[in-house]
Amino acid sequence: MVSLCLRNRLIFGWSSLFLRHLSIVPAARQELLDLGFSETQTEKILSMKCTVHSTSTIKELCVVGLNHKTILRILEEKPEILKTRAKQVRDKADTLRSLGLGEGSLQNSLSRCPSLLSIPRSRLLASVQCLKTRCQFSSQQVQKILNTTPEALTQDPNHLEVLFQYAYFRMGGKHGDIISSGIFQKSLNEIRVRHHFLERLGRFVPPNKNGLCPPSNPKIKEVVQLSEEEFLSRIARSSSEEFNIFQKILERDERESAEGMEEDQDNLSTDEEYSENEEESEEEYDSDDENYAESVQGDQSKYKNYKNK
């Protein structure tokens, strides 16, 4: 009887789950078709484990102004957006609008950088605050960054500051040049390797004390945005073999300098331990002297008392 009950429970349980799945899938398919998606697009979205809950999020993406082709591409690149609630998508779009992304610009930025829909609101605000306060970009310049390189909002504010300082102080770039260069899409290592390579070749002169560079220097945009082939042929006028050798030499020098810094820190910690041991020994020696002085004074007092007697 027990086995029979368990068997019936399992059969009815699986059948109810199966029927529930069958009821959910047609409902989600119909909602996607009602939103204007084609049969092919609907099947692709359903293959991403789309549920009735997910269709409300997709509907919100349509309300934002994204077309069906863009929504499908975004979901293929970032399937975790299906787990985002519709209210979160709405709030994120409102936040981006408040930062200066108007209609048209908002859709372009979301199409170019879907990660804007999945990162926390606090990260967006922190990145914008960093661009305004630490990097000293104006509000109009920040809006231009949001339109041209929305990827900047997805990065850590400290990373944005490091990129800006390198382009401003080491490469002599002004705020307008830095915006047009798209430097916030790249890594610091990639920019630094190309910049150092040009300096070694004598094709990039460092800025003077006033932060000015000679007009013969290539623009930051040319150093940052060009492909490696175009960079080597047009700007560096060098071969890929020389560039690869330079990268290996630079990595070796950085590794050796990092090891040297670690050795210095180890030596410094050893010196500190030695100085602490010396201080402890000196304290012990001073305490021994004090005990000896006290014992001598005590013996002298005993001798005087004995003499008086």
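The values are calculated or read from the model by the stated rules, or taken from the named source; none is laboratory data. Being a predicted model, the structure only gives us computed values, none of them experimental. Virtual Cβ from ideal backbone geometry, glycine too; neighbours counted across all protein chains shown. Note: accessible area is taken over every heavy atom of the protein model, side chains too, but ligands, DNA and RNA are not part of it. Shrake-Rupley method; radii C 1.70, N 1.55, O 1.52, S 1.80 Å.
Of everything in segment 195-206, what is open to solvent by 20 Å² or more (accessible area, probe 1.4 Å) and either within 28 Å of the chain's Cα centre (by Cα) or on the phi < 0 side of the Ramachandran plot (or both)? Give them in sequence order.
The answer is H196, E199, R200, L201, R203, V205, P206.
Among the candidates L99, L160, L153, L82, which residue alone is under 30 Å from S216 (Cβ atoms) and of a type outside the set (K, R)?
Being under 30 Å from S216 (Cβ atoms) and of a type outside the set (K, R) holds for just one of L99, L160, L153, L82, which is L160.
Name the residues in segment 180-206 that are in contact (Cβ under 8 Å) with a residue 40 or more places away in the chain and farther than 16 Å from E242 by Cα, would you?
Within segment 180-206, S180, S181, G182, I183 meet the criteria.
Of the residues S238, S180, which is within 27 Å of I145 (Cβ to Cβ), of a type outside the set (D, E, K, R) and in contact with a helix residue (DSSP H, G or I) (Cβ under 9 Å, 6 or more places away or on another chain)?
The conditions single out S180.
Among the residues that make up segment 99-112, is at least one of them touching a helix residue (DSSP H, G or I) at 6+ places or on another chain (Cβ under 9 Å), surrounded by fewer than 20 Cβ atoms within 10 Å (Cβ to Cβ) and under 20 Å from D34 (Cβ atoms)?
The answer is no; no qualifying residue exists.
Residue-by-condition table, conditions (1) part of a helix (DSSP H, G or I); (2) open to solvent by 60 Å² or more (accessible area, probe 1.4 Å):
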residue: F137; (1), (2): no, no
residue: V142; (1), (2): yes, no
residue: L146; (1), (2): yes, no
residue: Q165; (1), (2): yes, yes
residue: G173; (1), (2): no, no
residue: S180; (1), (2): yes, no
residue: R192; (1), (2): yes, no
residue: N208; (1), (2): no, yes
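Scan E263, E229 and give me the residue that is modelled with pLDDT of 90 or more and either outside any loop (DSSP other than H, G, I, E, B) or hydroxyl-bearing (S, T, Y) (or both).
E229
Where residues in segment 116-135 are among the polar types (S, T, N, Q) and open to solvent by 10 Å² or more (accessible area, probe 1.4 Å), which of them is nearest to R85 (Cα to Cα)?
S118
Being modelled with pLDDT of 95 or more and of a type outside the set (A, V, I, L, M, F, W, C): is that true of R194 here?
Yes, satisfied.
So which residues in segment 63-83 are of a type outside the set (A, V, I, L, M), open to solvent by less than 50 Å² (accessible area, probe 1.4 Å) and not in a helix (DSSP H, G or I)?
G65
Take the residues in segment 45-62 that are modelled with pLDDT under 90, of a type outside the set (V, I, T) and open to solvent by 50 Å² or more (accessible area, probe 1.4 Å), then tell me which one is farthest from A86 (Cα to Cα).
Filtering segment 45-62 for residues that are modelled with pLDDT under 90, of a type outside the set (V, I, T) and open to solvent by 50 Å² or more (accessible area, probe 1.4 Å), the one farthest from A86 (Cα to Cα) comes out as S47.
Which condition number does Y168 fail, the rest of (1) more than 21 Å from the chain's Cα centre (by Cα); (2) more than 29 Å from S118 (Cβ to Cβ) being met?
If we test Y168 against (1) more than 21 Å from the chain's Cα centre (by Cα); (2) more than 29 Å from S118 (Cβ to Cβ), just (1) comes out false.
List the number of the failed condition for Q225; all other conditions in (1) within 22 Å of the chain's Cα centre (by Cα); (2) open to solvent by less than 60 Å² (accessible area, probe 1.4 Å); (3) in contact (Cβ under 8 Å) with a residue 40 or more places away in the chain hold.
(2)
If you go through segment 228-259, how many residues are open to solvent by less than 90 Å² (accessible area, probe 1.4 Å), under 25 Å from the mean Cα position of the chain (by Cα) and among the acidic types (D, E)?
Residues that pass the stated criteria total 2.
Just the residues that are more than 9 Å from the chain's Cα centre (by Cα) and surrounded by fewer than 20 Cβ atoms within 10 Å (Cβ to Cβ), please, taken from segment 150-161.
E151, E161, listed by residue number.
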